[in-house]
1. Could you list, in sequence order, all residues of the range A:5-34 that are of a type in the set (D, E, K, R), more than 14 Å from A:Glu58 (Cα to Cα) and assigned to a strand (DSSP E or B)?
2. Determine whether the range A:61-73 contains at least one residue that is assigned to a strand (DSSP E or B), charged (D, E, K, R), crowded, with 16+ Cβ neighbours inside 10 Å and not assigned by TED's automatic domain parsing to the domain that holds A:Leu126.
3. Just to be sure before I move on: is B:Arg129 more than 20 Å from the chain's Cα centre (by Cα) and more than 21 Å from B:Leu190 (Cα to Cα) in the structure I sent?
4. Taking the range A:41-56 as the region of interest, how many residues are more than 10 Å from every other protein chain (Cβ to nearest Cβ) and either in a strand (DSSP E or B) or in contact with a Leu (Cβ under 8 Å, 6 or more places away or on another chain) (or both)?
5. What about B:Ala170, is it of a type in the set (Gly, Ala, Ser) and modelled with pLDDT of 90 or more?
6. Could you check the range B:224-239 and list, in sequence order, the residues that are more than 10 Å from chain A (Cβ to nearest Cβ) and either in contact with a His (Cβ under 9 Å, 6 or more places away or on another chain) or more than 21 Å from B:Asp86 (Cα to Cα) (or both)?
7. Among the residues of the range B:141-154, write down those that are more than 9 Å from every other protein chain (Cβ to nearest Cβ), within 18 Å of A:Lys113 (Cβ to Cβ) and not small (Gly, Ala, Ser).
8. Conditions: (1) surrounded by fewer than 19 Cβ atoms within 10 Å (Cβ to Cβ); (2) at the interface with chain B (Cβ under 9 Å from one of its Cβ atoms); (3) under 16 Å from the mean Cα position of the chain (by Cα). A:Gly26 meets all but one. Number of the miss?
Amino acid sequence: MPIRCEIVSQDRIVYQGDVDIVVLPGSAGQMGILPNHSPLLTTLQYGVITIRIGKHEEIFAVAGGIAEVQPDQVTVLADSAENVGEIDLQRAEAARQRAEEALKEGVGMDQDKYLAIQAALRRSNLRLDVARRYRQSRQLRNN
Amino acid sequence: MSSIREMRLRIRSIKSIAQVTRALEAVSASKVRQATQMVNATHPYAEKAWKVLLHLVRQPGHTSLHPLLTERAKKQKALIILVTSDRGLAGAYNNNILRYAFHAEDEMMMPVDFIAVGRKGRDLLIRRRKNVIAEFSQLPTPTTFMDVSYLGRLVVDDYLNGTYDQIFIAFTEFHTLAHQQTVIRKLLPLEVTYANDGEGGYNVTHHRASSVFTYEPDDRLILDQIIPRFTAIQIYQSILSAQASEHAARMVAMRNSTDNAYELTGMLQLEYNKLRQSMITSELLDIVGGSEALVKSNS
């Protein structure tokens with residue numbers, strides 16, 4: 001029996017479909033959700049959501065959010081989420097460098113700005129990390 | 001002679017104005033479509049977040065209310081986020097929302113500060129000597145969630161630290177190309193009731209709230225996270241909807257001015273033709289008179 005999985009970010013539906021297992025970065029660590037899981041609400045950390053349908057796997061980079069689990073459904077309200085395949089490595093790298101430079105220059109006492117830059121840095125690091133790790137393994141498998 | 005040339009020039013210039021306004025109308029039409037698509041794209045997240053919120057608030061044993069959900073007993077100051085356009089040529093679009101917002105301000109019976117989204121609104125608020133605490137103008141197009149999430153955080157912070165007891169957003173809601181409505185919605189404190197469904201437009205499917213949920217880390221922290229996000233997405237939706245309305249209003253204004261220009265050229269053309277005709281007639285009369293005089297003098 002499959003479980004319904006929906007990943008939505010503020011401006012689009014990132015993924016929806018019936019899957020066998022969802023692994024997501026809950027507040028207490030990675031957790032795997034199988035069908036008939038007991039109801040659960042959890043905040044999400046920065047990390048990776050893995051969805052498996054049979055032998056097929058989908059990987060998403062997610063930058064925080066909230067997940068709601070029902071026995072037949074997982075809903076992820078992500079602050080930002082992308083499929084690994086969608087990640088533009090060059091753009092992510094450029095964003096990371098921009099953020100790092102901005103941090104080096106310093107932002108004075110502007111705490112909001114500091115937090116924003118740090119969030120941007122974390123997001124782009126996550127993207128790069130996920131993209132490198134999972135694209136490589138996918139290529140290996142294909143060869 | 002000069003009047004007939006002036007007239008020709010006028011006809012030509014009006015025709016070229018009609019061309020420009022027609023082009024602007026077409027541009028706005030496509031922008032409306034783009035903006036409505038973006039509004040629709042935000043619906044899934046807003047709907048699901050609303051569902052989770054309802055669930056959290058209505059669960060049995062939920063006692064201590066979250067500060068962002070509690071109506072304050074003493075209301076001393078309010079904040080209105082006023083969404084207008086950056087550019088003009090949109091008919092009565094900006095005036096309507098402004099008048100509506102001032103009317104709402106009068107009814108609140110307490111001091112009100114403003115946040116202006118859009119240059120037109122900012123200028124008009126300042127001219128009326130209103131207290132504008134922040135301005136978000138020239139938002140990039142297409143406007144992304146990141147562009148307005150800061151605004152969301154700002155109002156949540158200002159609400160929590162007690163600067164304001166109520167926070168509203170006034171904007172023009174897009175219904176159809178011919179129908180937009182000025183509305184004002186309360187953002188904070190957030191009212192989580194089923195009565196909100198009709199107004200907010202969220203289709204709430206019944207949540208099986210009877211099942212016992214596990215919360216990680218706990219329900220309070222989840223509320224802490226989800227309410228500011230919900231506020232931000234409400235603001236985002238409102239701004240997108242207002243943008244769709246702006247383009248629709250501009251489209252209608254441009255269509256009207258194109259029609260007017262055509263009407264005007266028609267009238268001018270008629271007058272021009274008459275003038276030309278009478279000139280030809282009088283010239284002919286001159287020639288005939290002249291030649292008749294010649295014939296007479298010859299005989």
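The values are calculated or read from the model by the stated rules, or taken from the named source; none is laboratory data. A quick note: this is a predicted structure, and the numbers were derived from the prediction, not measured. Reconstructed Cβ throughout: ideal geometry from the backbone, glycine too, with neighbour counts over all protein chains shown.
1. A:Arg12
2. Step one: list which residues in the range A:61-73 are assigned to a strand (DSSP E or B), which gives A:61-70, A:73.
Next cut, charged (D, E, K, R) only: A:68.
In the following step, the residues that additionally are crowded, with 16+ Cβ neighbours inside 10 Å were identified as A:68.
If we keep only those that are not assigned by TED's automatic domain parsing to the domain that holds A:Leu126 too, we end up with A:68.
Yes, the range A:61-73 contains a residue that is assigned to a strand (DSSP E or B), charged (D, E, K, R), crowded, with 16+ Cβ neighbours inside 10 Å and not assigned by TED's automatic domain parsing to the domain that holds A:Leu126.
3. When the stated conditions are applied, B:Arg129 passes them.
4. Final tally of qualifying residues: 10.
5. yes
6. Restricting attention to the range B:224-239, the residues satisfying the condition of being more than 10 Å from chain A (Cβ to nearest Cβ) are B:227-228, B:231, B:234-235, B:238-239.
Those that are more than 10 Å from chain A (Cβ to nearest Cβ) and either in contact with a His (Cβ under 9 Å, 6 or more places away or on another chain) or more than 21 Å from B:Asp86 (Cα to Cα) (or both): B:Ile227, B:Pro228, B:Thr231.
7. The answer is B:Asp147, B:Val148, B:Leu151.
8. The failed condition is (1).
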